[in-house]
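Readers should treat all values here as calculations from the given coordinates under stated rules, not as data from a laboratory. From a predicted model like this one, the values you see are computed outputs, not experimental measurements. All Cβ positions, even for glycine, are placed from backbone atoms using ideal geometry, and neighbour counts span all protein chains on display.
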C-alpha cells in the first residue's frame, strides 16, 4: 500500500514542481524585456487575420522577444491570443512581453503626423494627404466634395470646404480619407463653441456665413493683428450693401489659376467673384483657423470700408473715404479731388490687376506733365451713347468731352466709380519713365518709355 502511494505521489509532485517551475519561468519571461532601455524601436506590421504564432515568430526574429513559444503561451493564458488588433506598431526589446501584448490588444498603433496650415483649401489639403501617403489626392477630393458624406458628418453644405480645421493631427497609416475628414470636422466644432454660435446669431449670420467670411479674412492677411480690422471693413461694406471686392474670392473661382490675376478674371461673373456679386460668396474659399473665425465674429469697431496692401506686404492701409491725407496729397500734385477721382476712374477701367495700377498711373502722370493726350479707350467708350461693344476709328476721331484721343488733359469727369486701390494709385504713382502701355492678349500690360 505504501509503495502504491509513493508511486502516485512522487510523479504527481514532480508534475506539480514542473508546472510550477514553468509558470514561474513564464512569469519571469512575461515581466522581463529582451533588451535594454536603449534598445532601438522597430516598426512591426500585424496584418488582418495574422496568427499569433506568426506574430511571435516575427517578434523573435527582430530580437524583440527571446522565445516565441513562451510568448504564445502567455498570450493564450491571458486570453489575448484572439484579441490582437491589426496595425503598425512601434515596438522595442526594452518592452516586456506583457507590455508588447497590451499594446497590440489595445491597438496602440504607430501614428503619423499631418499638419494642415491655416488658409489651405480642400484641394491643397488633398495634396498634403497624398504626400503623407494617407490616400490619394483624388480620393480625398472625392470624399471632401461628397454631399452625402457632409450630411453624415452633420453639415448642410455641399462640400467640406471651410470645415477642415487647420491643426496638427496624428493618424495611423491605414486611416481612411473619410476618417481624416471626420476628425477635422470634429475639431472644427470643438473650436466653434456654442458661445460663437450664439454670437453668429446675434450678428444675423449663419455659421456657414461666418465661416465664409472668416475664410476671406484668412486669405487676405497672415497678420493676426490685422484680422479684426479687415473683418470690420467687410462688415461695414456688407452693412452698406457694397461689394466686398476681394481678390482671393476671385482666384478661388478660377479653374487652374496660373498665378496671374487679370482684368478678365475680375470682370467674369462666378459665384465667388465679389467684384461682380453683392454680399458673401456662396461658400468658404479656404479653411480658416480660430483667429480668423474669431475676427469674423468680433470685428474691431472702425469706420473703415477700404484697405490696400503695402508693397512689402507687412501691413495694410485702411481708409473710410477720401481722407484728409489724400486731400493733402492731391493738393501737392496740383490736382483737385475731382481730378484725382477722374484719373482714378480711368486707371480702374484700364486694368483689374492691382500691381499694374501704380504703373499705369505713372504713365498718365507722365503724359499729363508732357501735355500729351492720354489716349485711353475707356474714356472714348464712356462718351459713346449706346455703345455696342465695337470700338471703331470713327469713335476715336469723334470729339466728345471724354475722348482723350481728341482732348488734352483729363476728361470733364470720372468715367466710373474707382475703388481705393485705383484712388491710391492715382495719388501715389510709381516712379517710371513710361509714357505708353499696350494690353497683351492675356490681359496683362506691356509698358514702354517711348
note = So residue 127 and residue 387, fully extended at 0.36 nm per residue minus their Cα-Cα distance, gain in nm 88.9 nm
ask   = Which of 191, 380 comes first, and how do the rest follow, when ranked by fewest Cβ neighbours within 10 Å?
value = 191, 380
request  = Please list 161-168, 82-89, 286-293 highest first by mean number of surrounding beta-carbon atoms within 10 Å per residue.
outcome  = 286-293, 161-168, 82-89
key: Shape call, the range 21-106: gyration tensor on alpha carbons, a/c limit 1.5   = oblate
ask   = What is the helix-to-structure angle for 68-78, meaning the angle in degrees between its Cα long axis and the longest Cα principal axis of the chain, kept from 0 to 90 and rounded to the nearest 10?
value = 90
query = How far is helix 2-30 tilted off the main Cα axis of the chain, in degrees rounded to 10, range 0 to 90?
reply = 20
query = Looking at (i) 37; (ii) 28; (iii) 44, which value of percent of Cα pairs over 42 Å apart comes from a calculation on the structure shown?
reply = (iii)
message = To make sure I understand, if each residue's beta carbon is the centre and we count other beta carbons within 10 Å, what order do 65, 435 fall in, fewest to most?
response = 435, 65
message = Using only Cα atoms and rounding to the nearest 10 degrees, what angle (0 to 90) does helix 122-131 make with the longest principal axis of the chain?
response = 40
query = To the nearest 0.05, how large is the calculated FRET efficiency for residue 111 and residue 277 if R₀ is 41 Å and r is the Cβ-Cβ distance?
reply = 0.40
FRET efficiency for residue 251 and residue 76, using Cβ-Cβ distance with R0 set to 41 Å, rounded to 0.05 = 0.10
query = Can you give the calculated 222 nm mean residue ellipticity of the chain, where each DSSP H run of n ≥ 4 adds -39,500 (n - 2.57) and the sum is split over every residue, rounded to the nearest 500 deg cm²/dmol?
reply = -14000 deg cm²/dmol
